[in-house]
Structure formats: C-alpha cells, structure tokens
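The values are calculated or read from the model by the stated rules, or taken from the named source; none is laboratory data. This one's a predicted model, so the numbers in the text were calculated from it and none came from an experiment. We place every Cβ from the backbone using ideal geometry, glycine too, and count neighbours over all the protein chains shown.
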Amino acid sequence: MTAAAPQSAPAAPPHEQAAQASDRPRLRVIEVIESANAGVARHTLDLSAGLARRGCEVHLVYSPLRTDRLFEDGLAALRDEPRIVATPLPIRRSIGPSDAGAIRHLRRYLRTYGPFDVLHGQSSKGGAVGRIAARLSGVPAVYTPHAMGTMNPGISGKARIAVGTIERWLSRIGTRVIALSPEERRHLCDVGINPKRIAYIPNGIAPVALPSREQAREALDLPLDAPVVGFIGRFSHQKAVDVLLDAFARVRRDRPDALLAIIGWGDLESQLRKQAEALGVSAGVRWLGPQPGLASMPAFDLFALPSRYEGLPYVLLEALVSGTPMVVTDKSSPGLVVEEGVNGLVAPVEDPAALATAISRVLGDHDLRAKFRENARRKAADFSLDGMVDDTLALYREVAGQRRRRPR
C-alpha cells in the first residue's frame, strides 16, 4: 500500500464506544517494523488493529524485505480498516550504508504525513531506525525489543558489548522501552538502560474458537492414536530445535510410538533434517512447514519450547488459550507463563537429557496432562489482547503528554 489520507471510521461496538470517548483527542501513531514476520509481525498487527478500534490513526511502516505469510495475510485483512495506513519502506536487517537512506525516507514520511504523537519501533532494527528518525523529527519514541540481541548466549563478547552500547545510546534518544516479560526487564536493566525508562507490558491474545483434537490432527495428517510432541517456531539458533531433536531421540528410546510435529520454517531446516537422520529419528519427525499456530495446538499432547532465550513468545500464549500442556526451558519466560508443576514443566536450557525427562513425564501421565490443560486455560486470562492494547495506549498518551507539557 501507499500512504493515503484516512477516512472516517464506522461506529465502534457499544463496549468500545466508552473507551473511545475517553481517548479524545485521538492519537496519531506510527509503527515501524523491519522484521515483519513471526511474533513481531503478529504483535504489530494486533496492536495496530486494537489501536484503530480505539479511535487512533495508525500508520504502519514496514519493510517488505523480510515478511512472512502471517504478516502478509494480516496486512490484507486490515486493508478495509480506514484508520490504518500501511506503507512499505525497505529496511535491511544488517547495519549498513542503506540505513541512512531508510532514516531519511522515514523522516520525510514524518514531515509529509505528520504531525505524529508517538513513533513505536518494533524489534531491534525497526527500533533503531525509528528512534533516530523520531529524534531528528521531534517525535516521542517508544521501543519494544522483542528479546534484545544481548540476550542471545551465542553472540561473542565483543558483539555483546557493541550491541549493548548501541542499545544504551538509543534508549537515551528514545522515550520509553517496553519489556515483554520480567526476565527481559531485568536484562534491560543489566545492559544499562535506565529502569525509569522501562515499561512492562506483556503480549496479549484473544480467545478464539478452536478445532477439536481430531480435527486438528486430521488437518496436519497426524495419526489419532500417537503421542505427539509439538513445536512451532522459526528454525533459528534462538529456538534451539537442535536441542529438541536430541531430546526427542532420547524420548523415542522408551516411547517408539511418539511423534515430533515440527511447524515452522527457517535457514536451518536442511541442517536440522540431517541431524534427525543422524539421530535415527526421521521416521518419528513430521516436518509440517508453516501452519496456523493456534489452530494446530489441539493436535499436540504437549508443546515444547527449547529456546535459548525469549522475550514473551506468542506460541506460549497460544498454548495457554488452547489448554496445551507445556515443557519449556528456563530461558523461555518461565514463571510468567509456565508455572512449574502447575501448567507445565521447566528444564534447564541446553540440556537435552533434562528436556527429554520432562517430555517423557508429561507424555506418560494422563492425569498430569489434564491438570496442566485446565490450569493453562485459566492462566490465559492474564494475557488478554485488550489489556495489551490498553496498556500500550496508556503509555503512548503518557509520552505524548510529556511532549505537550515540555516548555517551548
């Protein structure tokens, strides 16, 4: 899409009209996203739609260089929303000379279609380009890292220092930084970001009608009688699918009927398939490609997330809403979403033996799975989409109000 003047919006449902009335004057918000895929894409689309329903005018500036089907389908679904204007702006993932051009074009957009009350940069590159352009244009900026790069245990010491230095500097030219989990908030403080600049707003998800276990398995071509461990995510170092494959090989020694259903995509797929072959578990692994995550959850007896680091991944919220038992690592937002022994089990990161033990325990205990399912659905109420949008909008109003109160 190209930028266009927003039209007037249709009347809101009755339960939203009161909120919109209290939200006057309406805010003009610009969301900037480079990593327009996976959880970052979902967060940005859900937030944009929620803000529009509350009367805000939202300009969604996204990079077309790194999108996925989820983002493209979500963007298409928003085309008829008159309060949302979507505009492509190429932003490259890596740091380079093209960044100056991206900042220049974004500043031109801010001048042409402004004034804006707040700019929200999503993930590291969108946050960097967005905050610099906002500072040069006099627009307050908010930033959500979605798991800051310094949380990655695999980066070198020099890279960690460099990224941390850049993030500290950018936090000073921006207004606020949003942490998605208490763990991410602690990490931001450890990096050196002023705690007064950090706001904690977890992701949220709306309940939807879900298929039955039988329907979900039929859609994924999975047998009805097999115990199924599910994974949904990118094939990246962060998500640690390699560790999950090692753990699954151990599980199969005692449960040769168990299946591992892997939903996702990524650069490491060929390498991971070769690993499965080397481990002798290829017959038990189903590579299902990109699939709708929430609709697939009922097919799983448990959902496993072996991540090396996380902010607050949507797949865990999808597991809650669907009532799917979980086995996660201690770097995957434990405590916040997964309570040990309440709605799932937690294993140490990078420990396939411990992960396998936890998976086997859940697969082998029907009563434990039933308990986890009930408690997961109950806990889902803590992560509502309305709550996420309302808290973010309140933060926008706070930073916009600070600018209005600042002496000229």
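A quick yes/no check of all residues on (1) closer than 24 Å to A128 by Cα; (2) out of contact with any helix residue (DSSP H, G or I) (no Cβ under 6 Å at 6 or more places or on another chain):
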residue	(1), (2)
E34	yes, no
A52	no, yes
G55	no, no
A77	no, yes
The stretch 342-354 residues that are on the phi < 0 side of the Ramachandran plot, paired with ones that are among the acidic types (D, E) and not in a strand (DSSP E or B) (beta carbon under 8 Å, 6 or more apart): V346/D330; A347/D330; P348/D330; V349/D330; P352/D246
Residue among I155, I193, I161 that is loosely packed, with under 13 Cβ neighbours inside 10 Å, in the same structural domain as R28 (by TED's automatic domain parsing) and farther than 22 Å from V61 by Cβ: I161
Yes/no for S307 being out of contact with any Leu (no Cβ under 8 Å at 6 or more places or on another chain) and over 21 Å from G204 (Cα atoms): no
Test: V389 is assigned by TED's automatic domain parsing to the domain that holds A199 and in contact (Cβ under 8 Å) with a residue 60 or more places away in the chain: yes
Test: S236 is hydroxyl-bearing (S, T, Y), closer than 23 Å to S332 by Cα and either buried (at least 18 other Cβ atoms within 10 Å of the Cβ) or touching a residue at least 60 places away in the same chain (Cβ under 8 Å) (or both): no
Hits in the stretch 47-76 (condition: within 19 Å of the chain's Cα centre (by Cα) and either among the aliphatic types (A, V, I, L, M) or over 20 Å from E34 (Cβ atoms) (or both)): L47, A49, G50, L51, L60, V61, L65, L70, L75
Residues that are over 23 Å from G74 (Cβ atoms) and either surrounded by fewer than 18 Cβ atoms within 10 Å (Cβ to Cβ) or charged (D, E, K, R) (or both), drawn from the stretch 276-315: E277, A278, L279, G280, S282, A283, R286, W287, D301, R308
Single condition G233 does not satisfy, out of (1) assigned by TED's automatic domain parsing to the domain that holds L312; (2) out of contact with any Pro (no Cβ under 8 Å at 6 or more places or on another chain); (3) on the phi > 0 side of the Ramachandran plot: (2)
Members of the stretch 118-152 found to be surrounded by 22 or more Cβ atoms within 10 Å (Cβ to Cβ) and either among the small types (G, A, S) or not assigned by TED's automatic domain parsing to the domain that holds V177 (or both), listed by number: G121, S123, S124, G126, G127, A128, G130, A133, A134, A141, A147
Check on T112, out of contact with any Leu (no Cβ under 8 Å at 6 or more places or on another chain) and β-branched (V, I, T): yes
Of the criteria (1) among the small types (G, A, S); (2) assigned to a strand (DSSP E or B); (3) closer than 24 Å to F372 by Cα, which one A319 fails: (2)
Spans of helices (runs of 4 or more DSSP H) in the stretch 334-408 with at least 2 residues crowded, with 17+ Cβ neighbours inside 10 Å and under 21 Å from the mean Cα position of the chain (by Cα): 366-379, 385-405
Wholly enclosed helices (runs of 4 or more DSSP H) of the stretch 107-195 bearing at least 2 residues free of Cβ contacts under 8 Å to residues at least 24 places away in the same chain and either of a type in the set (G, A, S) or in contact with a helix residue (DSSP H, G or I) (Cβ under 9 Å, 6 or more places away or on another chain) (or both): 157-173, 182-191
